[in-house]
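Student: Shown below is the structure under consideration.
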Amino acid sequence: MTHPETAYLNLLQHILENGIKKEDRTGTGTYSIFGHQMRFDLSQGFPLLTTKRVPFKLVASELLWFIKGDTNIRYLLQHNNHIWDEWAFKKWIESDEYNGPDMTDFGRRCLTDEAFNVVYQAELASFCDRILTDDDFARKYGDLGNVYGKQWRNWTTSNGESLDQLQDVIHQIKHNPDSRRIIVNAWNPEDVINAGAKGSKAALPPCHVMFQFYVAEGKLSCQLMQRSLDTLLGCPFNIASYALLTHLIAHECGLEVGEFIHSIGDAHIYANHVEQVKEQLSREPRELPTLKINPNKTSIFDIELEDLSIEGYNPHPAIKAPIAV
């Protein structure tokens, strides 16, 4: 039987061999393909990659942040999760209130200028500490706007009504499982046009734009449509996150898990990630771990980080690479 992780490793290899060199928003440059799909049978194990260590607690705390409808990084920082720091930090340094060292283009400068990186790390740490301790500052600069949690749990219609898409799909799975409309949509054109610019409604346009559930033979499957995929850094998180979401909703609805299907628009490797990708491709996959959910918690909205655990995870070491902001 083919190892489930092979689908991901084949994608990396395919991009290395066939990717088109493209410029991108961050100025880093990518090797890119368009249109790809991976399938993961969740009965074969929880798809937390083994060819490099993927921190499950970061995956889980980010997903719980989405599920709670939260858009402020304070919750993440309280769980030692720093994967969204840079976007909130960017909001702070571009504000009229910021009067610290010049942080222009910090994402690339910190990779090539050691002296600047020291200053940047100190500024970022100070920013995170202030988010954790200063309520007013956190409200103003920790919030990322209409990102995933807002769209999943509190989509605002043109007439001001609030829609809870996640609650609705759970209701449909329980009461109308054959529906072809069990969908959560995160792509709101009103929010994403000029996103990231001053005055925009979202710090980052959603990369995973829509997901759909499918119930058959007592199993719950999920398909994610993702417009843009950083295959080295982002993809392992996305696979694990949506597999976890599928498990949690199946747990609440009394179903087994089926497949996670990952459909991708622009799948790319950043130009400064090529050597890391080659290192990962040199490694052999290991046995996938098992996900454990607290059986005493049934509602997805009651789940906390301590209710989730991974057993039997023995991955290769982590592979570090710079993030493009």
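The values are calculated or read from the model by the stated rules, or taken from the named source; none is laboratory data. In this text, all values refer to a predicted model and were calculated from it rather than measured experimentally. Note that each Cβ is placed from the backbone with ideal geometry, even for glycine, and that neighbours are counted across all protein chains shown. Quick note on the areas: whole protein, heavy atoms, side chains included, nothing else; ligands and nucleic acids left out. Shrake-Rupley method; radii C 1.70, N 1.55, O 1.52, S 1.80 Å.
Student: Only helical DSSP H runs with n ≥ 4 go in: add -39500 (n - 2.57) per run for the chain, normalise by residue count and round the 222 nm mean residue ellipticity to 500 deg cm²/dmol.
Tutor: Taken over the chain, the calculation gives -11000 deg cm²/dmol.
Student: Hey, another quick one. By DSSP, what percent of the beta bridges with both residues in the chain are antiparallel, rounded to the nearest 5?
Tutor: Looking only at bridges with both residues in the chain, the antiparallel portion is about 75 percent.
Student: To continue, here is another question. Defining a contact as two alpha carbons under 8 Å apart and six or more residues distant in sequence, what relative contact order in percent does the stretch 72-143 show?
Tutor: Values: 44 pairs, mean separation 33.1, N = 72.
The normalised contact order for the stretch 72-143 reaches 46 percent.
Student: Go through [x] 29; [y] 42; [z] 20 and flag the label whose value is the computed percent of Cα pairs over 35 Å apart for this structure.
Tutor: Evaluating percent of Cα pairs over 35 Å apart on these atoms matches [z].
Student: Run the dipole for the chain about the Cα centre, Lys and Arg Cβ at +1, Asp and Glu Cβ at -1, nothing else charged, and hand back the magnitude in debye, nearest 20.
Tutor: Approximately 500 debye in magnitude.
Student: If you roll a 1.4 angstrom probe over the protein chains with everything in place, what fraction of the accessible area of the chain belongs to carbon and sulfur, to the nearest %?
Tutor: 48 percent
Student: Within the stretch 131-151, whose backbone N sits under 14 Å from a point 7 Å along Cα→Cβ of ILE323?
Tutor: Only 144 fall inside the zone, counting backbone N under 14 Å.
Student: With the crude spin-label approximation of a point 7 Å out along Cα→Cβ, what separation in nm comes out for THR156 versus VAL118?
Tutor: In this crude spin-label approximation the distance works out to 4.5 nm.
Student: Under a 1.4 Å probe, what is the accessible area of the stretch 72-143 per residue, stated in Å²?
Tutor: Values: 3960 Å² over 72 residues.
Value returned for the stretch 72-143: 55 Å² of accessible area per residue.
Student: Taking the Cβ of CYS110 as the center, what net charge do the other residues with Cβ under 11 Å away carry, scoring Lys and Arg +1 and Asp and Glu -1?
Tutor: Summing Lys and Arg as +1 and Asp and Glu as -1 gives -3.
Student: How about the stretch 5-84: which GluC sites (Glu not before Pro) there are in a DSSP loop, with at most 12 other Cβ atoms within 10 Å of their Cβ?
Tutor: Those that pass, being in a loop and sparsely packed, are GLU23.
Student: Kyte-Doolittle mean at least -0.5 and Cα extent at least 20 Å along the axis: which DSSP H helices of the chain qualify?
Tutor: Helices meeting the criterion: 114-133, 234-253.
Student: Which whole-number percent is the relative contact order of the stretch 222-285 (Cα, under 8 Å, 6+ apart)? It would help to have the intermediate numbers written out before the result.
Tutor: Values: 57 pairs, mean separation 32.3, N = 64.
In percent, rounded to a whole number, it is 50.
Student: Below 8 Å, C-alpha to C-alpha, sequence gap of six or more: please give me the relative contact order for the chain in percent.
Tutor: Answer for the chain is 28 percent.
Student: Could I ask something else about it? Within the stretch 36-66, list the residues whose amide N lies under 17 Å from a label point set 7 Å along Cα→Cβ of ASN314.
Tutor: Taking a point 7 Å out along Cα→Cβ of ASN314, the residues of the stretch 36-66 whose backbone N falls under 17 Å are 45-46, 48-54.
Student: Which value in Å is the Kirkwood Rh of the stretch 1-154 over different Cα pairs?
Tutor: Numbers: mean 1/r = 0.0542 Å⁻¹.
The answer is 18.5 Å.
Student: So what is the diffusion coefficient of the stretch 46-98 in µm² per second by Stokes-Einstein at 25 °C and 0.890 mPa s, using a Kirkwood Rh over Cα pairs?
Tutor: 194 µm²/s
Student: If the convex hull of the alpha-carbon atoms of the stretch 72-143 is projected onto planes in all directions, what is the mean projected area in square nanometres?
Tutor: If I average the Cα hull's projected area over directions, I get 4.5 nm².
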